[in-house]
Amino acid sequence: MVEQKTAGAPQVAGPRQGALAERILRRKPVERLASEAGQGEGGSLRRSMGLAQLTMISIGATLGTGIFVVLGEAVPIAGPAVVLSFVIAGVTALFSALAYAELAGMIPASGSAYSYAYATMGELVAWVCGWCLMLTYGVSVAAVAVGWGEYINELLRLVTGVTLPGALTQPPGADGGIVNIPAAVVVLLAMVALLGGVRESAALNGVMVAIKVAVMVMFVGIAFTAIQDGNFAPFMPLGMAGVSAAGATLFFSYIGFDAASTAGEEAKNPQRDLPRAIMLSLIIVTAIYCLVAFVAVGAMPWTDFADTEASLAHILTVVTGTPVWSVVFAIGAVIAIASVVLVVLYGQTRILFAMSRDGLIPKVFSKLDRRGNPSANTVILSVAIAVLAAVVPLGHLADATSIGTLFAFGLVNVAVLVLRRSRPDIERRFRMPLAPLTPILGVASCAYLMLSMGAATWITFAVWMAVGFAVYFGYSMKRSVLHRETEEAQAAG
């Protein structure tokens, strides 16, 4: 690797233009990633968030999906042992969260795992990671939006006794569905909130997080009185294979801590606050997930979850004999799930912002308006996800999200190993304990959950990756900023 300088540009670490292998392995130095933080087309992002806001972003993106949306799909697979599935997914997430905490404290960039890969494993791996994150975030928003529509219907049923017709609340091919309008609506509402500004969106998210935690506490307090020992038997009806498969699906519930790292260029003190926010949010969310799952399967036979939409609200109705608490819960769920859509959509826009700044996707995604918001990015992405949410079933979305997340998180653990060896001189505000054992375990646990997924999910992932490679070699590689700067340097002599 050689150092090159171009007029008006920071130093670039990369090989001379030549063999394909050299081009796809070019890396972006950690120092350059830090120096570029916040810079976009025509302006810069604004540093306005402290530890509290970053923690709320992480909790807001995480707390809700696994409990409000995916729990009803995981229980029929794992039975009462779904609590263990949450633990398995949480431990897997913990290894990756530790890796994120170390890297986020070193590289305060909007690109999250994409940026970490660019600094350690080269441009092609960074592209693969970013492409996986596009799947993870975009599909995650759509999947959660579908769950939001289910709770809207549940709320209408509890309050008015009627529900929206299936043709307008289900995707094509599901219960007579044509288009899921509520799912598209919540994505567009989140778009409007983000266009209002980051500080305002963070404040709104903070209120939503407080409401969702209060709703979870209310559920535990009420449903705990109805726990029956018999509901825990058989504890593992489909064996460890069912527990692992449910854990792989539920990993979808833990991707939110990555959202905090996407705020690296808008944090006031990212090196100090990002690691703290990531670890604090993961601890809080895992504890709530396991507690609510335990109470839920204790209060209602696990076989009843397969036929029940909005399962937790239904439990409250059964336990109390009145729909009042279910109405309160459904209102809280609608607000809580909307916060997940808001924050995860925010994270997606920042990853696309970083990739666009590097030239790997069109420059429109890094163009900032006069208030420092990537407004064009937000509108384009939101409209695309709203369409996805309206026409694709939830189950396929959640599984596709999980496998993309696991792959990206595995790369983050590898990035820690690479930087520990190649750049031991860089100051680390947080160090992943017991390395290299912990990042190796992080990679292994991600691989274990990926292998627990079905063939259909792997086929979806393979098709997505094939499209990604075609886009990279057909468009991104030749338009990369590093590629252009290398060519300019060679032309200059």
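Quick notes on this one:
- Of the residues making up the stretch 78-92, those that are crowded, with 24+ Cβ neighbours inside 10 Å and either in contact with an Asp or Glu (Cβ under 9 Å, 6 or more places away or on another chain) or over 26 Å from ILE440 (Cα atoms) (or both) are ALA78, GLY79, ALA81.
- Count of residues meeting criterion [surrounded by 16 or more Cβ atoms within 10 Å (Cβ to Cβ) and part of a helix (DSSP H, G or I)] in the stretch 226-268: 21
- Candidates GLY410, GLY359, GLY347, GLY404 - the one that is on the phi > 0 side of the Ramachandran plot, in contact with a Ser or Thr (Cβ under 9 Å, 6 or more places away or on another chain) and of a type outside the set (Val, Ile, Thr): GLY359
- Every test in (1) under 21 Å from LEU63 (Cα atoms); (2) surrounded by fewer than 17 Cβ atoms within 10 Å (Cβ to Cβ) is passed by ALA142 save one, and that test is (2).
- Residues of the stretch 107-125 classified as in a helix (DSSP H, G or I) and touching a Gly at 6+ places or on another chain (Cβ under 9 Å), total: 6
- Some residue of the stretch 405-413 being among the β-branched types (Val, Ile, Thr), under 27 Å from ALA21 (Cβ atoms) and surrounded by fewer than 22 Cβ atoms within 10 Å (Cβ to Cβ): no
- Just so you know, in the stretch 208-225 the residues that are farther than 14 Å from LEU312 by Cα and touching a residue at least 40 places away in the same chain (Cβ under 8 Å) include one that is surrounded by the most Cβ atoms within 10 Å (Cβ to Cβ), and it is VAL209.
- Of all the residues in the stretch 189-222, those that are under 19 Å from LEU51 (Cα atoms) and assigned to a helix (DSSP H, G or I) number 14.
- Unmet criterion (only one of (1) buried (at least 24 other Cβ atoms within 10 Å of the Cβ); (2) modelled with pLDDT of 90 or more; (3) more than 17 Å from the chain's Cα centre (by Cα)) for MET106: (2)
- Taking the stretch 430-487 as the range and being among the small types (Gly, Ala, Ser) and surrounded by fewer than 16 Cβ atoms within 10 Å (Cβ to Cβ) as the test, the residues that pass are ALA444, ALA447, GLY454, ALA455, ALA456, ALA462, ALA466, ALA470, GLY474.
- Any hit, the stretch 179-188, residues being assigned to a helix (DSSP H, G or I) and polar (S, T, N, Q): no
- ALA104 closer than 22 Å to VAL471 by Cα and in a helix (DSSP H, G or I): no
- Test: residue in the stretch 147-156 that is touching a helix residue (DSSP H, G or I) at 6+ places or on another chain (Cβ under 7 Å), assigned to a helix (DSSP H, G or I), more than 30 Å from SER35 (Cβ to Cβ) and among the small types (Gly, Ala, Ser): yes
- Helices (runs of 4 or more DSSP H) completely within the stretch 396-493 that count 3 or more residues being at pLDDT 90 or above and more than 17 Å from VAL125 (Cα to Cα): 437-451
- Residue in the stretch 305-314 that is buried (at least 18 other Cβ atoms within 10 Å of the Cβ), in a helix (DSSP H, G or I) and modelled with pLDDT of 85 or more present: no
- Residue in the stretch 416-435 that is farther than 30 Å from GLU73 by Cβ and of a type in the set (Phe, Trp, Tyr) present: yes
- Being in contact (Cβ under 8 Å) with a residue 24 or more places away in the chain, within 30 Å of ALA408 (Cα to Cα) and surrounded by fewer than 17 Cβ atoms within 10 Å (Cβ to Cβ) is not true of ALA193.
- Of the criteria (1) surrounded by fewer than 21 Cβ atoms within 10 Å (Cβ to Cβ); (2) farther than 27 Å from PHE461 by Cβ, which one ALA384 fails: (2)
The values are calculated or read from the model by the stated rules, or taken from the named source; none is laboratory data. As the structure is a prediction and not an experimental result, all values here were calculated from the model. Methodologically, a virtual Cβ is constructed for each residue, glycine included, from the backbone with ideal geometry; neighbour enumeration extends over all protein chains shown.
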